[in-house]
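Worksheet for the structure shown next.
The values are calculated or read from the model by the stated rules, or taken from the named source; none is laboratory data. In this text, all values refer to a predicted model and were calculated from it rather than measured experimentally. Here the Cβ positions follow ideal geometry from the backbone for every residue, glycine too, while neighbour counts run over all protein chains shown. All accessible areas refer to the heavy atoms of the entire protein, side chains included, with ligands and DNA or RNA removed. Shrake-Rupley method; radii C 1.70, N 1.55, O 1.52, S 1.80 Å.
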Amino acid sequence: MEQQQAWILRNLLAQLEKQLEALDEDERSSITEEFTRLKNQSTQYRNDKTYPTKSAQKPDNFKKNRYKDIVPFDHSRVKLTFTTSKNDTDYINASFIKGVSGSRAYIATQGPLPHTVLDFLRMLWEYEVEVVVMACRSFEMGKKKCERYWPQGEEESFVCKPFIVYCDSEENKGDYVTRMLRVTYHNCSRTMKQLHYVNWPDHGVPDSIPPILVMLQEMRSYQSHDHIPICIHCSAGCGRTGALCVIDYTWNLLKKQMIPADFSIFDLVLNMRTQRPSLVQTKEQYDLVYRTIKLLFERYLESMEEQSSKDEMAMVSSVKTADEADVYLSELCDEADLEPEFQHLPDTKSVSCRHLYLHFRKSCFLKQRGQADRKPTLATSPDPS
């Protein structure tokens with residue numbers, strides 16, 4: 001399974017490198033063409049009303065939308081059944097996004113407005129959210145992008161009755177800030193982790209990719225499963241939010257060794273856009289997704305090679321003497337099983353050639369059991385298998 005996944009990743013990585021190279025050289029890139037197709041498809045969805053948004057268009061609900069063109073589809077919208085007063089409705093500008101192993105892995109939502117903070121907290125409480133990722137600043141370019149829903153500065157608490165939010169700890173990680181928030185409702189209290197990425201400009205991309213992965217890694221170290229949704233929001237809940245959903249989804253596939261041979265970033269983004277409009281909103285964000293996934297594939301292959309090398313070295317170091325090597329090797333196959341071109345191998349009493357000899361013996365052993373489909377060839381590096 002692991003070797004099959006490595007083979008798939010190498011092929012996909014070669015494709016990604018070719019596409020990004022064309023993009024960097026300002027040539028006609030398939031990445032640019034893909035994003036154009038995504039935009040055209042989204043326009044067609046909207047014009048044909050393929051995915052209705054009737055709930056979002058109701059007069060009482062329409063004012064709860066930060067942007068009139070970014071509203072949830074009826075079939076995937078988050079419905080609020082938990083109420084705190086008779087005035088509460090079931091509407092919030094938020095959408096469920098499917099994950100690798102859960103139909104409600106993510107809640108993609110807009111940053112709360114002054115009059116929707118209560119709805120936002122109701123949603124977090126009802127769906128027992130443990131992690132919130134915020135990918136925007138409260139103010140950007142002189143405009144309010146998200147209403148604050150946590151205490152700041154010297155405030156002891158943030159009150160939005162009947163909820164009270166406390167910040168038990170805050171740590172600046174450079175590109176993002178982590179906060180441990182404690183949300184109380186009457187006599188009940190729950191802890192929630194907020195990861196606030198502060199260096200991602202609106203409609204743009206961060207200067208560096210690794211901090212994004214560091215944040216997502218911390219997110220998954222706090223919640224590794226998809227049994228309850230992770231809430232991700234920016235201002236509109238589509239551009240930066242969508243990029244994070246796509247990257248984390250792909251990373252989960254990678255961890256489970258489930259990247260298919262026909263894996264397509266375009267297909268993944270297109271599918272997510274059927275769950276919420278305009279996810280990965282700009283071409284720059286789409287390019288970022290490509291570069292980040294390429295980095296994920298590269299790191300995974302490097303870690304596999306490092307582990308393979310460690311396994312080989314462990315096998316060699318476990319054979320402490322040349323005599324032990326002879327005993328160990330004799331259990332794998334007989335000398336007569338070696339191909340003629342290996343008959344001239346040096347004496348195993350020479351410690352310097354023991355690793356090479358083990359490599360050939362291992363190849364012989366695998367071939368003998370039908371696991372090797374070609375003749376072993378002389379090599380100076382450990383067998384990657």
*H75 versus N47, label points 7 Å from Cα toward the beta carbon: distance in nm?*
2.0 nm
*Taking 0.36 nm per residue of separation and subtracting the Cα-Cα distance, what length does fully extending A314 through T191 add?*
39.9 nm
*Where L195, L113 fall by accessible area, highest first, once all protein chains stay in place (1.4 Å)*: L113, L195
*Step through the residues of region 3-18 one at a time and calculate ³J(HN,Hα) from phi using the Karplus curve (6.51 cos²θ - 1.76 cosθ + 1.60, θ = phi - 60°), rounding each to whole Hz and writing x for Gly and Pro.*
5, 5, 5, 4, 4, 4, 5, 4, 5, 5, 5, 4, 5, 4, 4, 5
*asked:* Just to check I understand the Karplus step: with θ = phi - 60° and J = 6.51 cos²θ - 1.76 cosθ + 1.60, what whole-Hz values come out for region 29-41, glycine and proline as x?
replied: 9, 5, 5, 4, 5, 4, 5, 4, 5, 4, 4, 5, 5
_L13 accessible area, assembled protein chains, probe 1.4 Å, Å²_ = 20 Å²
_Principal axis box of region 1-81, alpha-carbon based, largest edge first, Å_ = 52, 37, 22
_Net charge over other residues, Cβ less than 13 angstrom from the Cβ of Q41 (K, R count +1; D, E count -1)_ = 0
*Kindly flag which residue pairs out of K86/K143; K143/K256; K39/K145; K68/K255; K58/K256; K255/K283 have an alpha-carbon separation exceeding 30 Å in this structure.*
K86/K143; K143/K256; K68/K255; K58/K256
*Can you work out ³J(HN,Hα) from phi for every residue in region 152-166, in order, using Karplus 6.51 cos²θ - 1.76 cosθ + 1.60 and θ = phi - 60°, giving whole Hz and x for Gly and Pro?*
9, x, 8, 5, 7, 7, 10, 10, 9, 3, x, 9, 10, 10, 10
*GluC sites (Glu not before Pro) lying in DSSP loop within region 123-182, provided at most 13 other Cβ fall within 10 Å*: E128, E154, E155, E156
*Under the classification rounded if a/c is under 1.5, otherwise prolate if a/b is larger than b/c and oblate if not, where does region 126-174 fall, given a ≥ b ≥ c as square roots of the Cα gyration tensor eigenvalues?*
rounded
_How much length would be gained if the chain were fully extended between L301 and D207, taking 0.36 nm per residue of separation minus their Cα-Cα distance, in nm to one decimal?_
31.4 nm
*By its C-alpha gyration tensor, with a ≥ b ≥ c as the square roots of the eigenvalues, how is region 113-266 shaped: rounded for a/c under 1.5, else prolate for a/b larger than b/c, else oblate?*
prolate
_Let me cross-check Y176: its accessible surface, 1.4 Å probe, with only protein heavy atoms counted, in Å² to the nearest 10?_
10 Å²
*Protein chains only, probe 1.4 Å: how do K283, K98, K144 rank by accessible area, largest first?*
K98, K144, K283
_Tell me the net charge near E130. Cut-off is 10 Å between Cβ atoms, E130 excluded, with +1 for each Lys or Arg and -1 for each Asp or Glu._
+1
*How much of C136 can a 1.4 Å solvent probe reach, expressed as accessible area in Å² and rounded to 10?*
0 Å²
